[in-house]
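S.K.: Sharing a structure with you now.
The values are calculated or read from the model by the stated rules, or taken from the named source; none is laboratory data. Treat the numbers as computed from the prediction; the structure is a model and nothing was measured. Backbone-built Cβ (ideal geometry, glycine too); neighbour counts: all protein chains shown.
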Amino acid sequence: MYLIDWVIVLSLLIAITLAAIFTKKYTQSVADFLAANRCAGRYLICVSQGMAGVGSISLIAGFELYYQAGFTAAWWQLIMIFVTTIVFLSGWIVYRFRQTRALTLAQFLEIRYSKRFRIFTGLLGWLSGVINFGIFPSVGARFFIHFCGFPDTTAMYAIVMAILLVFALYFTFVGGQIAVIVTDFMQGVYTNIAFVIIMVIVILKFDWSQITQTLSIAQQGSSMLHPFQTQNAKDFNIWFYLIVAFGYFYSGLVWQGSAGYNAAALNAHEARMGKILSTWRILSLNLFMMIIPICAYTFMHHTNFAESAQKAQDAIGSIANGQIQKQMTTVIAMRHFLPKGIVGMMAAVMLAAFIGNHDTYLHSWGSIFIQDVVMPFRKKPFTQRQHLNLLKISIFGVAVFIFFFSLIFRQIEYIYMFFMITGAIFTGGAGAVVIGGLYWKRGTTAAAWSAMITGSVLAVSGMVLKQINESYPFANSIMSYIATRNGAILSFFASISAIVVYIVVSLMGKKTSFNMDMMLHRGKYSLKLENTALKGKVGWFGSIIGMSSEFTRKDKILYISTFAWTGLWITIFIAGTIYNFVVDVKTQSWIVFWRYYTLLTLVLSIITTLWFTVGGLIDLKKMFNLLKTIKRNESDDGTVINHHNVGEDAAENKND
């Protein structure tokens, strides 16, 4: 990297550090630290939580996928557009969860089921989370080592991880969720702008004909251009995308890696609108994760770049672990084809992704341990100071754990597969428990226990068997079959099993009905502070597609445009799929399709980047104004007594 590259990286780091320091004065209570005192608007939530969810590890996981699958992955991921948009438009899970006013998921589970179940799920969710989180620092550190040209030694690996984690820890300590939201927003704005600039530079560098010629030489049955000629693809095939789509609907909003954001919205409607906006925000991210590895593949395989590609190949070959070679292929290729200045911009993107993701996850998993494992055992509430200090100690403990886990753990499969199987330790059963708890009054505590245990036992068993089989292959055919399934398949079976168990056990129990109105603060239980004024009537069409009286005219325009955009792509997907089964579509036709798809998405990425930057800045100003004037409620700390959140009465009356 050149001097200009380091200047870009350091400039971003200084800017977000100053922003974090600025937020310190606003963190005055536990609710501030855990959920920014529920003061964040839709654009701020959308951009910040989006940045928290990206992460350097997510970008590299995307690079792995698209380097192997090419454009074909984008076609099958259209299934995800359908699922995620239904989830976002309907407010699935996120709306009702925000209505409960719970600060963590396990707090809601105590309200809905029992205190003992809260402790169990809190501990299980924490274990699943920190294990899943365990490889994040290692993947991020490897990027900087191989992209910046640092010595690839264990000592350097540990030093880079430690430095990166220190910054993430500082941002979390200095202002809690307020600092996390503000710094993630700044990093989100930067990365959105950088995504567009880097994509334009790369598209101009690689001729379209070079890209398509290179992708056309893929092996028979593993096409990187024609989605219907991928029958020989082993991992990233149609079943992988179907399982991912199912997983998002079932447990995507159950995962607690960004728990602070789930409780930080101004109200349930703002939380829902923030999710709807995500449909547009992810356009630039998805295009970036597709274009960069495809261009890297072209660089590594096209004859025009043979000399430079050989240097990259030599660097890749020096890595001992074959799975890590796959992780770093796109990263090392980028180092050789990105121009000066853009290299620094890319390094800053990954720094922002690392910090934005790690400060959020450190905050979430550290908070969950105190809120859902330690607090339920306390008979006497903590003081504000004790509570905040314990949260910080727990967060520090998570950082220490993931540092050493990353040093020791050997990665043997793709990042996405690791995500899915380790996440299933918790979400395998939690999906059924949360959905049943929020939407079915017949769901019982016994069913919740049974589903959680079923999902976690199956997920842990699959992960352990895979690790054992890697060193000592099983001779038994059944054990060998299970141990050789990828993480996506194992997580799917764990989830389906938990759903069946939850339903059966609930129906077998006593026929009782839980008071959903009290839990969701509806009707006579509603809180004045949380009530959103009725904005106007909703016609029959609006009612059919899921709009409510909370929608303003702008909300309706956004909602309908999102609905129409999704409908367009679902129509294209269904029609295209049917047409390809009826007609022998040539690869050349797909080449034309992908060109227009890329250009359209790039134009929309530019528009949405400007749109979300302005909207987020307005929300940021509103949040600080609220934090200046809002009356803090010391009892709003996540405690539950008799299935009722402590502090709700005070919250209701503080504006009277």
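S.K.: Out of all the residues in region 566-588, which are more than 33 Å from the chain's Cα centre (by Cα) and of a type in the set (Phe, Trp, Tyr)?
M.R.: Tyr579, Phe581
S.K.: Okay, moving on. Consider Lys326 against the criteria (1) more than 30 Å from Ile557 (Cα to Cα); (2) basic (Lys, Arg); (3) not assigned by TED's automatic domain parsing to the domain that holds Ile45: it satisfies all of them except one. Which criterion is unmet?
M.R.: (3)
S.K.: Among Leu44, Leu12, Leu18, Leu59, which is the only one that is assigned to a helix (DSSP H, G or I) and free of Cβ contacts under 8 Å to residues at least 40 places away in the same chain?
M.R.: The conditions single out Leu18.
S.K.: Only one residue in Leu13, Leu59 is within 23 Å of the chain's Cα centre (by Cα) and surrounded by fewer than 21 Cβ atoms within 10 Å (Cβ to Cβ). Which one?
M.R.: Just a single option satisfies the conditions, and that option is Leu13.
S.K.: Given the criteria part of a helix (DSSP H, G or I) and either more than 29 Å from Met161 (Cβ to Cβ) or out of contact with any Ser or Thr (no Cβ under 9 Å at 6 or more places or on another chain) (or both), does Leu34 qualify?
M.R.: no
S.K.: Return yes or no: is Val196 without any contact (Cβ under 8 Å) to a residue 24 or more places away in the chain and more than 30 Å from Asn580 (Cβ to Cβ)?
M.R.: no
S.K.: Can you pull out the residues in region 237-265 that are within 21 Å of Ser456 (Cα to Cα) and either free of Cβ contacts under 8 Å to residues at least 24 places away in the same chain or part of a loop (DSSP other than H, G, I, E, B) (or both)?
M.R.: Hits for region 237-265 are Leu253, Val254, Trp255, Gln256, Gly257, Ser258.
S.K.: Name the residue that is nearest to Thr427 (Cα to Cα), counting only residues in region 437-494 that are surrounded by fewer than 21 Cβ atoms within 10 Å (Cβ to Cβ) and of a type in the set (D, E, K, R).
M.R.: Among those that are surrounded by fewer than 21 Cβ atoms within 10 Å (Cβ to Cβ) and of a type in the set (D, E, K, R), it is Arg485.
Yes/no per residue for (1) surrounded by 17 or more Cβ atoms within 10 Å (Cβ to Cβ); (2) modelled with pLDDT under 90; (3) touching a Gly at 6+ places or on another chain (Cβ under 7 Å); (4) within 23 Å of Gly274 (Cα to Cα):
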{"site": "Leu620", "(1), (2), (3), (4)": "yes, no, no, yes"}
{"site": "Arg632", "(1), (2), (3), (4)": "no, yes, no, no"}
{"site": "Gly647", "(1), (2), (3), (4)": "yes, yes, no, no"}
{"site": "Ala650", "(1), (2), (3), (4)": "no, yes, no, no"}
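S.K.: Are any residues in region 266-282 out of contact with any Gly (no Cβ under 7 Å at 6 or more places or on another chain) and either assigned to a loop (DSSP other than H, G, I, E, B) or of a type in the set (Asp, Glu) (or both), and if so, which ones?
M.R.: Answer for region 266-282, where residues must be out of contact with any Gly (no Cβ under 7 Å at 6 or more places or on another chain) and either assigned to a loop (DSSP other than H, G, I, E, B) or of a type in the set (Asp, Glu) (or both): just Asn267.
S.K.: Sticking with this structure for a sec: Out of Ile478, Ile415, Ile468, Ile453, report the one residue that is without any contact (Cβ under 8 Å) to a residue 12 or more places away in the chain and either closer than 18 Å to Phe240 by Cβ or of a type in the set (A, V, I, L, M) (or both).
M.R.: Result of the check over Ile478, Ile415, Ile468, Ile453: Ile478.
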